[in-house]
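Q: Here it is: the structure, laid out below.
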Amino acid sequence: MSEQYRHILVTGGCGFIGSNFVHYVVREHPEVHVTVLDKLTYAGNPENIASLPSSSVELVVGDICDVKLVDELVSGSDAVVHYAAESHNDNSICDPSPFVLTNVQGTFCLLEACRRHGVRFHHVSTDEVYGDLALDDPARFTEESPYRPSSPYSSTKAASDMLVRAWARTYDILVTISNCSNNYGPYQHIEKFIPRQITNVLCGIRPKLYGDGRNVRDWIHTDDHSRAVWKILTCGQAGETYLIGADGERSNIDVLREILTVMGRPEDEFDWVRDRPGHDRRYAIDSAKLRRELGWKPIYTDFSQGLARTIAWYSEHGQWWRDSKDATEKKYASQGQ
Ligand code: NAD
Ligand code: DAU
């Protein structure tokens, strides 16, 4: 199927999920050339893709809000896979402004370029646009769930989804949207839950758990996310939305206790800290449509094994995260977290 797309533009390809996707494409579809457009914010690291051959991957440092640059790059591409975003809920609560700019204005800028040049657009979004579920609710999110975002981050992602849907209907451009649950794996910024706790233990800092720790996230390995995005890009129905999830529901306290145990620490050796304002209680994805219509299913179904590998990765790649640890923890400490 990849004969369709020889030159793809990947926005945010130096971030966590975007860089894992670029590795996936180079590994599985070496005939495809990838241009990465990334602003290299605090969350973007060119090291994440530096090992990939320059014949397959080109990095352009720039902003998705830059109309001229985006127009030029989109005009030379067969498809755009849009990962670039401000992605962290806690940051969006402190300062929502870059979230509105990048997530809403940036998506608008890309859509307009795709409209001008008739280029296929895949929009990478989140399950958080659907709000949250109660802990005792048997329901899971589906493509029909109503939009009910709670945080500044998720509201800007919801706004970007709406733009994509409107551009598809009004201008007939070829778009698909995917809404995925919480990813884990290598190259995730240490502000996020799992790498924060792993690197805390490695630094001799007590892990930090928000609220009562019973909030549930639906974990998926980032490689399973990448395979799903590729499947949707190449086989998905234009105009459609697909939910991506791997049946990985777990409470935060269970995940934290597992990290501590695997790392040889007592499972209660952590601090309870101030809860996140508006903290979503539970996310859960029903990915039946993606499985039924496109034949995708997750490969990394053993969360404990995936978590142990992720712990090993952060243990072996101290040089990748150590420089940002102090600043990340200082910021959290100033928020009481
Ligand atoms: P991340 O924060 O690790 O990476 C974001 C990347 O985008 C960085 O490389 C950053 O430099 C780049 N970027 C930010 N603003 C930019 C701009 N204005 N112009 C160009 N580049 C810019 O994020 P992530 O966790 O990898 O998430 C990637 C995408 O996947 C986001 O759209 C996010 O909403 C979505 N998503 C994330 C998860 C998750 O669990 N992390 C789950 C579902 C969906
Ligand atoms: O569901 C998909 C979303 O998953 C993505 O759209 C977001 O980009 C991504 O950041 C993630 O959002 P969360 O807010 O769920 O992820 P985070 O890693 O920030 O937190 C996971 C859970 O852990 C959440 O319930 C808050 C809690 N937490 C987080 C941190 C950083 C803690 O208890 N302690 C912490 O130190």
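Q: Near the amide H of Asp275, under 5 Å away, which other amide H atoms are found, from residues 5 or more places off or on another chain, if H is placed in the peptide plane?
A: Correct list: Gly211.
Q: OK, next. Counting only heavy atoms of the protein chains, get the accessible area per residue of the range 279-323 (1.4 Å probe) and round it to a whole Å² value.
A: 52
Q: Give me the accessible area per residue for the range 75-128, probe 1.4 Å, as a whole number in Å².
A: On a per-residue basis, the range 75-128 sits at 31 Å².
Q: Once amide H atoms are placed 1.01 Å from N in the peptide plane, what residues at a sequence separation of 5 or more from Cys180, or on another chain, have their amide H within under 5 Å of its amide H?
A: Close amide H contacts, sequence-distant or interchain: Ser125, Thr126, Asp127, Ile244.
Q: If you don't mind, another one. Give me the number: length gained by fully extending Arg116 to Val262, i.e. 0.36 nm times residue separation minus the C-alpha to C-alpha distance, one decimal in nm.
A: Difference between extended and current length: 47.4 nm.
Q: So, one more: Take a quick pass over the chain and tell me how many lysine pairs come in under 15 angstrom between Cα atoms, counting only ones 8 or more apart or on separate chains.
A: 11
Q: Which value, in debye to the nearest 20, gives the size of the charge dipole of the chain about its Cα centre, when Lys and Arg are +1 and Asp and Glu are -1 at the Cβ?
A: Using only the charged Cβ atoms, the result is roughly 40 debye.
Q: Moving to a separate point now. Return the sequence-ordered ³J(HN,Hα) values of the range 292-303 in whole Hz as given by the Karplus equation 6.51 cos²θ - 1.76 cosθ + 1.60 applied to θ = phi - 60°, using x for Gly and Pro.
A: 6, 7, 10, x, 7, 8, x, 9, 8, 8, 9, 4
Q: Taking the chain as a Gaussian network, where each spring joins two C-alpha atoms under 10 Å apart, which residue of Phe270, Phe121, Phe99 fluctuates the most?
A: Phe270
Q: How do 31-39, 106-114 rank on mean C-beta neighbours within 10 Å, highest first?
A: With the highest mean Cβ count within 10 Å placed first, the list reads 106-114, 31-39.
Q: Next up: Summarise the accessible area of the chain (1.4 Å probe, protein heavy atoms) by the percent that is carbon and sulfur.
A: 50
Q: Probe radius 1.4 Å, ligands and nucleic acids left out: which of Ser315, Ser55, Ser324 has the largest accessible area, and how do the rest follow?
A: Solvent-accessible surface, decreasing: Ser55, Ser315, Ser324.
Q: Next question. If each residue of separation counts as 0.36 nm, what is the full-extension length gain between Ala139 and Leu40 once their alpha-carbon separation is subtracted?
A: Extra length available between Ala139 and Leu40 comes to 31.8 nm.
Q: Then there's this: Which residues does a label at His7 reach in the range 56-91, if reach means a backbone N under 11 Å from a point 7 Å past the Cα toward the Cβ?
A: 72-79
Q: Taking the mean number of other Cβ atoms within 10 Å as a proxy for protection, how do you rank 228-234, 135-141, 22-28 from highest to lowest?
A: Top of the packing list down: 228-234, 22-28, 135-141.
Q: Related question: So for the pair Ser51, Ser75, with labels modelled 7 Å out along Cα→Cβ, what separation do we get in nm?
A: A separation of 3.7 nm, rounded to one decimal place.
The values are calculated or read from the model by the stated rules, or taken from the named source; none is laboratory data. Computed from a predicted model, the values in this text were never measured in an experiment. All Cβ positions, glycine included, derive from the backbone under ideal geometry; neighbour counts span all protein chains shown. Just the protein is used for accessible areas: all its heavy atoms, side chains included, with ligands, DNA and RNA removed. Shrake-Rupley method; radii C 1.70, N 1.55, O 1.52, S 1.80 Å.
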